[in-house]
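To keep things clear, I will list the structure first and then write my remarks on it.
The values are calculated or read from the model by the stated rules, or taken from the named source; none is laboratory data. If you're wondering where the values come from, they're calculated on a predicted model, not measured in any experiment. Cβ placement follows ideal geometry from the backbone for every residue including glycine, while neighbour counts extend to all protein chains displayed. Remember, those area values only see protein heavy atoms, side chains included, never the ligands or the DNA or RNA. Shrake-Rupley method; radii C 1.70, N 1.55, O 1.52, S 1.80 Å.
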Amino acid sequence: METILWRILAWWLLRSLPPAAAAPVIGDLLEEHAAKRARSGSVRAMLWLAGESLSVAIAYRPQRRATARPRRSAMDMLRSDLLNVVRIISIRPTATVATAVVIGLGIGLVSAMFALADPFLFRPLPYLRPGELVNIRISVNPGVKPGIIPTLADWQARRDLFTDVAAYTVNQPTRLTVPNGSIALQTASVSSSFFPTLGLTLTVPSEWDHVTGVSDTPLVVTSAAPPKIRDDEQGFDRALPRQEGGTMWIAGRVPSSFVFPGTGNVTAIGGLIPLANQPLVEVQEFAGRVTSSRTLSVLARLRPGITPPTVAAALSSQAADGSGILVAAESLALQMTQRLRSFAFGALAAGALILIVCAANVGNLLVARVVFRTREFATRQALGASAWDVSRLIFIEVGLLAIAGVVLGLTLTAWTLATCDVLLPREFAALGEPSLTNRVIGFACLAGGAVMTAGLLPAWVAWRATPVALFTQMARADTKSVRALRFSLATIQSAVAVILLVGATLLGRSYVNLLQQDPGFTSNSFVVSVSYPSNVVGAPLQAHIDNTMQQFHRLPGVRVAAASIGSMIDDLRVGGLVRFNGTPAVVARKAITLSYFDAVGSRLIAGRSFTERDGPSTACIVNESFARNYNAGVSPVGRAVAVGERLVEIVGVVRDTYDIALDERPTPMMFVRLQNPSVSVPITYVLSGMTETLPSATIERTVAAVHSEAIVVDGSTVRERLMRSVRDRSFATLMLGLFSLAAIGVSVAGLMGIVMYTVARRTREIAIRVAIGAGTPAIRYLVVRDALVAAASGAVLGLTASVWLSRALDSLLYGIRPADPLSIAIAATTVIGIVGVAAWLPARHAVRLSPTAALWID
Amino acid sequence: MRLNAPLGEFEVVVLLAVLHLGEEAFGSAIRDEIQRRSRRRVSRGAVYITLDRLEEKGLLTSRLAGASDSRGGRPKRYFSATATGLKGVKYSVQMLARMQEGLEPLLGT
């Protein structure tokens, strides 16, 4: 208390008295105060001190007023300060540019992270009061069929829970004949309540909920529809023939900003059609037990005060025999952002870490800068500048740096967003792609303000020392506390860099594991997905498939052409329940032509391949996972799989292939021959032997030559599909990699700053040491010691934190554990190596110092 | 040096205190000396600002010395009268004496 009071009084006296008079007066007061305290106690002494200081300050006040300089206008001051700052910057531009680059780097990457996280965490869904919307999922208990299956009308009657309830289901693409050809339209069937539930003011025909059959089906067009009907403003009321029979007519259009409320491939939904009145769950039974069920998706707007768990509890039912339905409700916003929500939080956390590193570095650089300028500040004060005059210069310089940093940062943000555009996960298409919105710009400005505020603190600590230097003829500004602060900042940034580098190394190694994973396919095979009209099934479809394969085979470079129905590294999952060894077995199914295994490069490891004599209901081939999961790893060739009532003989076993995604382990799979398919599903053609990618025009021409209404849905190589399947991982790895590099860069700049500062501060000492015979290693050790100790302390802190923090990456890791010792060792070695170089480079200046020149300069 | 203006009463008192203290004339000591001899309380601010003014007029000179830990490393500012200062004091004291002549019975001196 006494010290604080004394500091305030001393500051006041320094401001009030002429510089030459202040020190002796303060000395007199201190001396008498000590005697007074010994005589009368500290309270009386404090009161005495305050009174005496007041007396002196008041006595000098008229004199101070008389000698005060005339007041300048604010604009004059600003202009003069700006000129001063520009002159100072131009004297040492390197330090200023380095500071601006560090700030820009930090702000740019943090703003980019914010822009990427924005759609998931901050941007509201484009619906009316989106917080009230929930998605409801229904599942049926396995076993006995539930006694009561609810309908949409039942739930709409629950006015105690909902204000609106809607149901929808996503359909297979519909083929429509339009004036200039035909189009494939991805549709979703929705109840009429779908539109008011989302707050859309669209008026749909009154018969919407009562449409039966496929004639005169009203269609609401969305912005994802093919241009031929999306941009056809004259298209209202015109009947559009469906190739599978019946017609559609455009009943309305939703605004272009409409986003379908769901996850997965909903962004392709170009049309909304009526949902037939049906139960919310359709159950399929096999031998008296529920084998599979098909449920509608339900969307509801909750009444105030109702929560998703309340809805789930109110709508779930469980009978005594175990039958029943289970209802799970989840906020729509959470559901739509669920998959990448943890990524978004991770990105923001990484961004915050970068911001800390950046703030630490700016602080570091400013401390060094202010300490170097002690002499200048003292001179300014000696010439009559007040403390406010000097501090204004620092504020303006810091402000200019912040503006430059924000501009540089936003440029970097724009570049980063453009670079990662091709790697963006599909959710961005629904929720909006990241861009330089006002929110992002505002965030960048806030980040700039935060960094500069953090930078001002150490600057103030260092600057506080200058009035003392005024009386002691400088040199005491570089106090122990300032050095300790700089050391702490360097330690923090080194720790943060290590944490990010460990994360990036883990993801990088995980990604390498994925890429080294043998998918079981020849990666340069070309895959073409083709959709045929729904009425083309059976023998005619088989004829088209055979003809198309022949046409493909004639293309230059194509060695083998094959066809299949089933997943080919896409989201399509075809499968069901079979029986093997008397027990139910869940298998993925794929129908293939004879040349399929040859075309994809899959290897048979037991039995034989299909022959012309095999039919889809007589022979099948299974994969290794099937044998491992259901036959204890022993080859099941010769045994039979029960598919419904039929027994299908296993004639061969093939190696596992990654049919769903590169990061999804193969599951038990059963191959049958593709022969006269009875349902219309997309056919996947696989072409191998080419050295170059086929042009899309060639593919479309080849497919259309066989069937004019066939539509090419996708054409890409196996490698492209594999990479697409791990797009999220690629994205996360790239992001964390970029971040760790940036953090290391920023951190290295900080450590180099420490060494450079040490060299400058101790130039005289180094020169004397060299003059009396100190060797190169001793000098080098002298200047790099602080930086190395700071870096090593940071590395230890960072590695300890990494062991705990890396658990957050668990879901993104593949073939590696979160606390992988090798990754941590790689990160530690990299940091130590880089820090060594960062410290060694500026230390060369100290080693090369000429004692004569150095002492002359100082 | 010729004195431009007559000295004020307090200026004379301060100059006399400096002369009394000799080599030990610094801020606090001067104030104590005045209080002791004049038997009245004197403001510290008034003493310092008067010392500054007398130095500005050339009647006093000062030097910095005697910094110690008890003073927080700050030096003492020792004052001494210049020849002009001494002349000024003499002039003021003699003027007072002349003004006093003939008033002894009334003033009781």
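Look at the stretch A:715-732: where a residue is farther than 24 Å from A:VAL530 by Cβ and a partner is among the charged types (D, E, K, R) and surrounded by 19 or more Cβ atoms within 10 Å (Cβ to Cβ), sitting 6+ places away or on another chain with Cβ atoms under 6 Å, you get A:VAL726/A:ASP663. Set side by side, the residues A:ILE744, A:ILE766, A:ILE711 differ, and just one is within 32 Å of the chain's Cα centre (by Cα), open to solvent by less than 40 Å² (accessible area, probe 1.4 Å) and at negative phi, which is A:ILE744. Among the residues of the stretch A:18-28, just one is more than 8 Å from chain B (Cβ to nearest Cβ) and under 14 Å from A:GLU52 (Cα atoms), namely A:ALA22.
Taking the criterion of being outside any loop (DSSP other than H, G, I, E, B) and within 8 Å of chain A (Cβ to nearest Cβ), the residues of the stretch B:48-68 that qualify are B:TYR48, B:ILE49, B:ASP52, B:LEU64.
Summed over the stretch B:20-29, residues that are within 9 Å of B:PHE79 (Cα to Cα), out of contact with any strand residue (DSSP E or B) (no Cβ under 6 Å at 6 or more places or on another chain) and surrounded by 15 or more Cβ atoms within 10 Å (Cβ to Cβ) total 1. The number of residues in the stretch A:732-741 being under 28 Å from A:LEU366 (Cα atoms) and surrounded by 23 or more Cβ atoms within 10 Å (Cβ to Cβ) comes to 2. Among all residues of the stretch B:6-19, there is none that is modelled with pLDDT under 90, within 14 Å of chain A (Cβ to nearest Cβ) and open to solvent by less than 30 Å² (accessible area, probe 1.4 Å). Within the span defined as the stretch A:797-813, every residue fails to be buried (at least 20 other Cβ atoms within 10 Å of the Cβ), farther than 19 Å from A:GLY503 by Cβ and at pLDDT 75 or above.
For the stretch A:391-411, the candidate set comprises residues that are of a type in the set (Val, Ile, Thr) and within 14 Å of A:LEU83 (Cα to Cα); within that set, the residue that is surrounded by the most Cβ atoms within 10 Å (Cβ to Cβ) is A:ILE394. Residue selection: A:THR169 satisfies the criterion of being at pLDDT below 90 and more than 17 Å from A:GLY246 (Cα to Cα).
Being within 14 Å of chain A (Cβ to nearest Cβ) and open to solvent by 40 Å² or more (accessible area, probe 1.4 Å) is the filter; apply it to the stretch B:69-109 and report the residue that is nearest to the chain's Cα centre (by Cα). Restricting to residues being within 14 Å of chain A (Cβ to nearest Cβ) and open to solvent by 40 Å² or more (accessible area, probe 1.4 Å), the top hit is B:ARG74. Scanning the stretch B:35-61 for residues that are out of contact with any helix residue (DSSP H, G or I) (no Cβ under 6 Å at 6 or more places or on another chain), closer than 25 Å to A:LEU54 by Cα and open to solvent by 40 Å² or more (accessible area, probe 1.4 Å) gives B:GLN35, B:ARG36, B:ARG37, B:SER38, B:ARG39, B:ARG40, B:ARG41, B:ARG53, B:GLU55, B:GLU56. Every test in (1) aliphatic (A, V, I, L, M); (2) modelled with pLDDT of 75 or more; (3) more than 29 Å from the chain's Cα centre (by Cα) is passed by A:ALA333 save one, and that test is (3).
Within the stretch A:3-14, is there a residue that is open to solvent by less than 50 Å² (accessible area, probe 1.4 Å), modelled with pLDDT under 85 and more than 14 Å from chain B (Cβ to nearest Cβ)? Yes: the stretch A:3-14 contains one or more residues that are open to solvent by less than 50 Å² (accessible area, probe 1.4 Å), modelled with pLDDT under 85 and more than 14 Å from chain B (Cβ to nearest Cβ). Just one of (1) assigned to a loop (DSSP other than H, G, I, E, B); (2) touching a Ser or Thr at 6+ places or on another chain (Cβ under 7 Å) fails for B:PHE79. It is (1).
Looking at A:THR522, A:THR491, A:THR548 in this structure, which one is at pLDDT 80 or above and open to solvent by 50 Å² or more (accessible area, probe 1.4 Å)? Among A:THR522, A:THR491, A:THR548, only A:THR522 is at pLDDT 80 or above and open to solvent by 50 Å² or more (accessible area, probe 1.4 Å). Among the strands (runs of 3 or more DSSP E) confined to the stretch A:622-685, the ones with at least 2 residues that are touching a helix residue (DSSP H, G or I) at 6+ places or on another chain (Cβ under 9 Å) are located at A:646-654, A:669-673. Kindly indicate the residue of the stretch B:24-47 that is assigned to a loop (DSSP other than H, G, I, E, B) and more than 11 Å from the chain's Cα centre (by Cα) and also nearest to the other protein chains (Cβ to nearest Cβ) among those meeting that condition. Checking each candidate, the answer is B:SER43. Of everything in the stretch A:29-50 that is within 12 Å of chain B (Cβ to nearest Cβ) and basic (Lys, Arg), the residue that is most open to solvent (accessible area, probe 1.4 Å) is A:ARG37.
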